[in-house]
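Quick notes on the structure that follows.
The values are calculated or read from the model by the stated rules, or taken from the named source; none is laboratory data. As the structure is a computational prediction, the values presented were derived from the model and not from experiment. So basically every Cβ, Gly included, is an ideal-geometry build from the backbone, and we count neighbours across all protein chains shown. To get the accessible areas, we keep the full protein, side chains included, count just its heavy atoms, and leave off ligands, DNA and RNA. Shrake-Rupley method; radii C 1.70, N 1.55, O 1.52, S 1.80 Å.
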Amino acid sequence: MEVKKAKITSVGHYLPEFRMTNFELEKIMDTNDEWIRTRTGIEERRILKDEDKATAFMGAEAAKEALADAGVAAEELDLVIVATVTPDYLFPAAACLVQNMIGATNAFAFDLSAACSGFLYALSTGSMYIESGRAKKVLVVGADKMSSIIDYEDRTTSILFGDGAGAVLLEESTDGTGFIDYIHYTEGDTNCSLYQHAGGSRNPASHETVENRQHFVTQDGRTVFKKATMGMADVSLEIMQKNNLSPEDVAWLVPHQANLRIIDATANRMGLSSDKVMININKYGNTTAATIPLCLYDWKSRLNHGDNIILAAFGGGFTWGASYIKWGMK
Ligand code: ACO
């Protein structure tokens, strides 16, 4: 009996209009365009300025675009998964808000928290609902309003992140294309290398946590950089080897956009030339769970039916992984 596969049948996105360039950052902190570009590859990032809008709004806009593109009504959805570390509220989940905003009245919805690997984890989760036959149409969203947890007095983190959302619709594949394989890893990080210290049940919000700026992302950049470079490169090579893929077989690498140097190291390890690597970090910075679907959106007109694509990510947790998909859209 042939095992069912899930394939991506449309991609949507949302990016806030406001562009925060490196030159804007130069005006508010001790940094410069040259340092940011050479250390990270980032030139500008988008910031959601509207105070009444947050992650769910961006996710819903990306979802609406994906549904319209596929000609699928929101009522047809069985499941909505939102990967995010910046939900509008601790609860209800951002996915519940998205479900309401798009009118997916027949879908159940939940958030998935795996930081920058969130979209990859959510894609494999959503695919399994299709493969098992328990769902016919699954919406997977990666959305983060990183500007809501960034300390613009900390030059080591604020330069890296931007806001945005991407969404894909998953449906059953009948032609052998779709989600083929994944490898996911987790290494629980109790050393606080990449954390938001307060706001959860361990350190609920208080005057002290606000005064001590503990509601922002803090990280040991060098440790994260080393772990991310090794993790993403190793797992990308591992999924190629597991599926007997040579560099010639791989049409595209879709890497999480954290740092151009991490992306280059991953592509080198896989033996891929730079023309096979999706890179938009220069325009959007690190949008956490949104980087991979935003790449798919930017490149979708260049993807061919049957293309072998490797998606790879590393993020807080630590979480990391890679997925192998055969592109199913025509
Ligand atoms: N502008 C100017 N100088 C800066 C800035 C800045 N924005 N930030 C740090 N510096 C200075 C440092 O103070 C240091 O100065 P010193 O030598 O006088 O002490 C110098 O630049 C070098 O600092 P490093 O931390 O060694 O710089 P590095 O080359 O490691 O780059 C960076 C820092 C970009 C943060 C890098 O470590 C990195 O990308 N780490 C990964 C972090 C990451 O991506 N986190 C996101 C979440 S996880 C993920 O998505 C994979």
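Would you mind finding the one in K64, K27 that is more than 21 Å from the chain's Cα centre (by Cα) and assigned by TED's automatic domain parsing to the domain that holds L169?
Every option except K27 fails the conditions.
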**OP:** Of the numbered conditions (1) among the β-branched types (V, I, T); (2) crowded, with 20+ Cβ neighbours inside 10 Å; (3) over 15 Å from A83 (Cα atoms), T287 fails exactly one; give the number of that condition.
**Re:** (3)
Original post:
Can you find even one residue in the range 142-155 that is part of a strand (DSSP E or B) and of a type outside the set (D, E, K, R)?
Top reply: yes
Original post:
Of all residues in the range 19-61 being open to solvent by 60 Å² or more (accessible area, probe 1.4 Å) and polar (S, T, N, Q), which is farthest from I159 (Cα to Cα)?
Top reply: T38
Subject >> From I36, I42, residue being of a type in the set (A, V, I, L, M), under 20 Å from I292 (Cα atoms) and either without any contact (Cβ under 8 Å) to a residue 40 or more places away in the chain or touching a helix residue (DSSP H, G or I) at 6+ places or on another chain (Cβ under 6 Å) (or both) >> reply: I42
Original post:
Can you name the condition, by its number, that A205 falls short on among (1) part of a strand (DSSP E or B); (2) open to solvent by 10 Å² or more (accessible area, probe 1.4 Å); (3) in contact with a Gly (Cβ under 7 Å, 6 or more places away or on another chain); (4) of a type in the set (A, V, I, L, M, F, W, C)?
Top reply: (1)
